[in-house]
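Structure, as structure tokens:
No lab work stands behind these numbers, since they all come straight from the coordinates. A quick note: this is a predicted structure, and the numbers were derived from the prediction, not measured. Cβ atoms come from the backbone with ideal geometry, glycine included; neighbour counts cover every protein chain shown.
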Amino acid sequence: MVSLAHETDAKAGKRIRLNSIIYILLWCCGITLIFVGAPFWSVLLVGVVGGYFALRDWRTVRSLAREAIAPRHPDADVQALIDGDIEISEYRKRKENGDAV
């Protein structure tokens, strides 16, 4: 699985914050609709729209959380080994070539 954490930038962070604000406002609107006795379809509609904004960037948020828990290794070869992109023999060859140079 490819991590999206390195692809996030200020624009993505702004979108995640905006989605969170919209979700919280829709949640408050839904609770208000329940207390004022609005029809069920209106509460359901607000819930569906709120769910869309809550789950819109789920993969990005999940990868950022995973990156915060287990940060990437500073050595690119070691990180490729951890990710399973290269085998241990390929890693050994790279290190031997790096030491010889």
- request: Starting from the Cα of Lys11, draw a straight line to each of the aspartates and glutamates and keep only those under 14 Å, dropping any in the same chain fewer than 8 residues away.
  value: Asp57
query: Excluding Leu81 itself, what net charge comes from residues whose Cβ is under 15 Å from its Cβ, given Lys and Arg +1 and Asp and Glu -1?
result: -2
- prompt: Stretched out fully, how many nm does the piece from Arg15 to Ala38 gain, at 0.36 nm a residue minus the Cα gap?
  reply: 5.2 nm
field: Max mean-square fluctuation residue, GNM over the chain, Cα-Cα springs under 10 Å, options Ser20, Ser89, Ser42
entry: Ser89
query: Once the dipole of the chain is set up with Lys and Arg at +1 and Asp and Glu at -1 on Cβ about the Cα centre, which of Ser63, Ile86, Leu44 lies farthest towards its positive end?
result: Leu44
query: Label points 7 Å out from Cα along the Cβ direction at His73 and Val49: separation in nm?
result: 4.9 nm
field: Entry for Cα Rg over 2.2 N^0.38 Å (calculated from the structure that is shown) out of [x] 1.16; [y] 1.75; [z] 1.08
entry: [y]
- prompt: Relative to the Cα centre, what is the charge dipole magnitude of the chain, using +1 at the beta carbon of each Lys and Arg, -1 at the beta carbon of each Asp and Glu, and rounding to the nearest 20 debye?
  reply: 540 debye
- prompt: Do the sum for the chain: with -39,500 (n - 2.57) for every DSSP H run of n ≥ 4, divided by all residues, what is the mean residue ellipticity at 222 nm, to the nearest 500 deg cm²/dmol?
  reply: -24500 deg cm²/dmol
